[in-house]
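Below: the structure, in structure tokens.
The values are calculated or read from the model by the stated rules, or taken from the named source; none is laboratory data. Since we're looking at a predicted model, the values are computed, not measured. Here the Cβ positions follow ideal geometry from the backbone for every residue, glycine too, while neighbour counts run over all protein chains shown. Accessible surface is based on the protein model in full, side chains and every heavy atom, while ligands, DNA and RNA are left aside. Shrake-Rupley method; radii C 1.70, N 1.55, O 1.52, S 1.80 Å.
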Amino acid sequence: MQRIAIIGCGGSGKTYLANQLAGVLDLPLTHLDSVYYDTDWNPLPREEFAEVQRTLVARPRWLVEGNYTETLLIRLAAADTVIFLDLDAVTCLTGVFRRRLRYRGGQHAEDGVYDRISWSFVRYIWGYRRTMRPRVHRLLAEHGSHAELITVTSRRQAAALVAQLRAVHRWSVR
């Protein structure tokens, strides 16, 4: 696990899991929201965003979290591991609202949290498994078959994954 892409619906826990795994595995971490948005919520131009990702994944070790299916192929082509957080809509919406309560909105680059809730974002989350999940599965099958795919379907599974990797890493360092 030297080149990890974490993907999944908004509110699924990508940022939290990435922060945990980067610490356990000592991997350089990039939160794509921090690359994509400036401080005024303006997005980076599409080709510039893609070029930044090409540069990131050219490194020998990395962990990149974020969905951005338009540029997912860049990450899939270089990843040795893909972690797909495939949580239900209620869990994801709960995650978004908990994030709002904790951070009170806005951008918190030190934690990788970019909290901006809109009705279109809520609708996106509600329909993710119906509309986006099939697209992600298709992209994984077509462009990520060389990578180990870890599908996480609950917060408990995510915590178990971190605990398992922490135990393995601790043992291998001895």
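Normalised by the number of residues in region 4-99, the mean separation of alpha-carbon contacts (under 8 Å, six or more apart) gives a relative contact order of 51 percent. Where both bridge residues fall in the chain, DSSP classifies roughly 20% of the beta bridges as antiparallel. Here the extension length gained between TRP41 and ARG133 equals 30.5 nm, from 0.36 nm per residue of separation less the Cα-Cα distance. Region 12-66 and region 135-170 have their alpha-carbon centroids 17 Å apart. Put a dot 7 Å past the Cα of ARG156, heading toward its Cβ, do the same for PHE97, and the two dots end up 2.2 nm apart.
What the chain shows is 54 Å² of accessible area per residue, with the surface traced by a 1.4 Å probe over protein heavy atoms. Note on the chain: with neighbouring protein chains present and a 1.4 Å probe, carbon and sulfur make up 54 percent of its accessible heavy-atom surface. Counting heavy atoms of the protein chains alone, HIS169 has an accessible area of about 70 Å² for a 1.4 Å probe. For the chain, relative contact order (Cα pairs under 8 Å, six or more residues apart, normalised by length) works out to 33 percent.
Dipole orientation for the chain: of the candidates ASN42, MET1, LEU87, LEU87 has the Cα lying most toward the positive pole (charges on Cβ; Lys, Arg +1; Asp, Glu -1).
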